[in-house]
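Shown next, in structure tokens, is the structure this report addresses.
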Amino acid sequence: MNGAEAILQCLKSEGVEVVFGYPGGQVIPLYDALHKVDIRHVLVRNEQGAAFMAGGYARATGKVGVAFATSGPGATNLVTGIADAHMDSIPVVFITGQVPHPMIGRDSFQEADVTGITLPIVKHSYLVQTVEELPWVLHEAFHIARSGRPGPVLVDVPKDIQVAKLTVPLEVASERLRGPSSGLDIDSAQLDAAAEVINASAQPTLYVGGGSLNAAAELRAFAEKTGIPVTWTLMGKGAFPEDHPLSVGMLGMHGAAYANYAITRCDTMIVLGARFDDRVTGKLATFNPEARVVHIDIDAAELGKNRIPTAPVQGDVAAALRALTVRCEPRDRSAWAKRVTDWKESFPLVAHKAMDTGEIRPQHLLDKLTQATAGRAIVATDVGQHQMWTAQFYHPAEPRLFLTSGGLGTMGFGLPAAIGAWFACPEKEVWLVTGDGSIQMNIQELAVAVIEKVPLRIMLINNGYLGMVRQWQELFFERNYSETWLHTVPNGSEVISPDFCRLMEAYGGQARRVTADADVEAAIDWAREVDGPVLLEFVVHEEENVWPMVPAGGDTGKPILEPEGGE
């Protein structure tokens, strides 16, 4: 077989069922060989869409996603999606074409040093030098992407390698010594020290990050045995049941006030697979500096990076929790639990009903979505106010049902990520919650949803603004709404804005525009019955804000609460 055929056989041996990509000059051999393997290829409309679809596939399953792109602009169009996967620790293997070896370094047509460009945002990268090394490179790439702290891996394959003949059997070429796949053993002394700190704590709080999504059962068992309340980051949402008595809510800039009080007033933080991100901590120096910290993370680089832990534990969160559940004793923490409960009752998150005018409140939309789906749908979001409302009011019933761009905060993520998630889990209901700004970043991928008959439901919250930036301009820049209004008024005439319903229909999907709160439930019910992609455009109040809010660099323990009346 040639190099292109070897690539596809290696993907097949790794269990790959679907790849997302876009052909071009330097990957024609790869696409020429596609018909020889039982792997589904999804033709995107921009390579960035391929990156996010592969990421959505990986987020929904925990498996490695795969994206193809050609050299030059094809490869550079992947960069934002690679950075997004890097920031959120998502396992994706990106396979790019490259100009033939003799042409590298000559400023050849569509040449770009993609391994150099992406060096800071990948877990590892390869520029393949010979066809003989191609099989083991690919198997190693998958191993690296999925093991330890997951992340993106780039494999750049010159065109001459793709057409060269492999002279040894594929199994022989794939052999190469590599590290264990089971993860490192956890130091028992670290576990003993962590248990000692936890057992001594009177009012501890769990702080759960994205590294805990594979540890839901272990987390619940540990929390229930110890009686410790559970908070989570944006990326940790879904790791713990939100209707559980020990559930406290999301932390951080737009987290529940009671969750921020629970973490900033506890005596011990138990941090699981989280990295003390600035959107959680605010000003790090004021983030409960007196609390003892037990920090569990599989990545040693995170232990002490932003906060020096009292008891660091390097290892897999699930394995660490199993060991700690044995070591930690039940303790009467009822006084602390009552204090947390009092905060929840005094500072609740409210899913606002209709305004006096009958206008739709976005919080109400997400509350209704939870009710309609029982929290069992996969919900992907874009980035902005709608993302935070979804994080506050959509309550997933299990892990990997809430997909969002956390670390990079990438507008345009949601639509392709939702499509990728459906290819991963076609038996599940899939929704996209997006805004009128975000959806236009990668709106061309609607074509994929229609052509592939993806039963995607889109909840488009249209407030006419780049809402999150507008909110900051309102609160901190004296309402100077500079370049955040998305409508236009040419020559002083009527307001013009995109007709999203007609756009959806032009692609071949179905759509409905909803302007009154009284019509929300019926619209959601209708969308759930449509066969194929459907868009619901909900027109909401232009100056609706996300509350609570901790200003950037502010004190997480002192969130700005919603003004009376919800203004």
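Annotation for segment 181-259 versus segment 73-92: alpha-carbon center distance of 29 Å.
In segment 268-367, what is the volume of the convex hull around the alpha carbon atoms, normalised per residue and reported in Å³? If you can, show how the numbers build up before the last one.
On the way: hull volume 17.3 nm³, N = 100.
Cα convex hull per residue, to the nearest whole number: 173 Å³.
So what is the relative contact order for the chain, in percent, with contacts set as C-alpha pairs under 8 Å and at least six apart? Could the numbers behind the result be given before it?
Values: 1268 pairs, mean separation 77.3, N = 567.
Reported as a whole number, the value is 14 percent.
If you take the Cα centroid of segment 313-343 and the Cα centroid of segment 38-65, the two points sit 37 Å apart. Given the C-alpha centroids of segment 406-449 and segment 524-567, what is the distance between them in whole angstrom? Cα centroid of segment 406-449 versus Cα centroid of segment 524-567: 18 Å apart.
In summary, the helical segments of the chain meeting the span-like criteria, namely a full DSSP H run, a Cα extent along the axis of 20 angstrom or more and a mean Kyte-Doolittle hydropathy of at least -0.5, are 47-61.
Over segment 76-158, what is the mean sequence separation of C-alpha contacts under 8 Å (at least six apart), divided by residue count, expressed as relative contact order in percent? Walk me through the numbers on the way to the answer.
Working: 125 pairs, mean separation 38.3, N = 83.
Relative contact order for segment 76-158 comes out at 46 percent.
A full extension of the chain between Arg265 and Lys305 corresponds to an added length of 12.2 nm, given 0.36 nm per residue minus the alpha carbon distance. Using r as the Cβ-Cβ distance of Asp531 and Thr286, and R0 as 60 Å, what FRET efficiency do you calculate, to the nearest 0.05? Using R0 = 60 Å, I get an efficiency of 0.70.
How big is the Rg/Rh ratio for segment 188-346, C-alpha atoms only, Rh by Kirkwood, two decimals?
Reported Rg/Rh (Cα atoms, Kirkwood Rh): 0.91.
Using alpha carbons only, the radius of gyration of segment 136-255 set against its Kirkwood radius gives Rg/Rh = 1.17. Stretched out straight at 0.36 nm per residue, the stretch from Thr357 to His244 would grow longer than its current Cα-Cα span by 37.1 nm. Scoring 91-99, 129-137 by mean Cβ neighbours within 10 Å over their residues and listing the highest first yields 91-99, 129-137. Take the Cα of Ser108, step 7 Å toward its Cβ, do the same at Arg479, and the gap between the two points is 6.0 nm. Note on segment 30-142: along the principal axes its Cα atoms extend 41, 34, 29 Å, ordered by decreasing extent.
For segment 3-174, what is the charge dipole size about the Cα centre, in debye to the nearest 20, if Lys and Arg each add +1 at the Cβ and Asp and Glu each add -1 at the Cβ? Each step should come with its number before you reach the end.
Working: 12 positive and 17 negative charges, 78 e Å.
Dipole magnitude for segment 3-174 comes out near 380 debye.
Listed cross-link partners Lys237/Lys368; Lys159/Lys453; Lys63/Lys305; Lys123/Lys428; Lys225/Lys558 are compared with a 23 Å cut-off, the Cα-Cα value being larger for Lys159/Lys453; Lys63/Lys305; Lys123/Lys428; Lys225/Lys558. Per the Debye calculation on segment 318-435 with a single equal scatterer at every Cα and no solvent contribution, log₁₀ I(q)/I(0) for q = 0.18 Å⁻¹ amounts to -1.00.
How long are the three semi-axes of the equivalent ellipsoid for segment 370-443, computed from the Cα gyration tensor as the root of 5 times each eigenvalue, in whole Å, largest first? All intermediate terms of the calculation are to be shown ahead of the outcome.
Numbers: eigenvalues 69, 41, 21 Å².
Each semi-axis is √(5λ); the values are 19, 14, 10 Å.
For segment 208-352, what is the relative contact order in percent, using Cα pairs closer than 8 Å and at least 6 residues apart in sequence? Kindly include the intermediate steps, with their values, before the conclusion.
Details: 237 pairs, mean separation 38.4, N = 145.
Dividing the mean separation by the residue count of segment 208-352 yields 26 percent.
Apply the Debye scattering formula to the chain, with a single equal point scatterer on each alpha-carbon and no solvent, then give log10 I(q)/I(0) at q = 0.11 Å⁻¹. Taking Cα atoms of the chain as identical point scatterers yields -1.03.
Rg and Dmax, both from the Cα atoms of segment 362-539 and both in Å, are 15.8, 51. Computed from the Cβ-Cβ distance with R0 of 25 Å, the FRET efficiency linking Leu170 to Leu43 stands at 0.40. In terms of other Cβ atoms within 10 Å, Phe142, Phe109 run from fewest to most in the order Phe109, Phe142. Between Lys225 and Thr61, the simple spin-label model (points 7 angstrom out along Cα→Cβ) gives 3.3 nm.
Every read-out reported here was derived from the displayed coordinates using simple, explicitly stated rules and does not represent laboratory data. All of these numbers come straight from a predicted model, not from anything done at the bench. Using ideal geometry, Cβ is built from the backbone for each residue, glycine included, and neighbour counts are taken over all protein chains shown.
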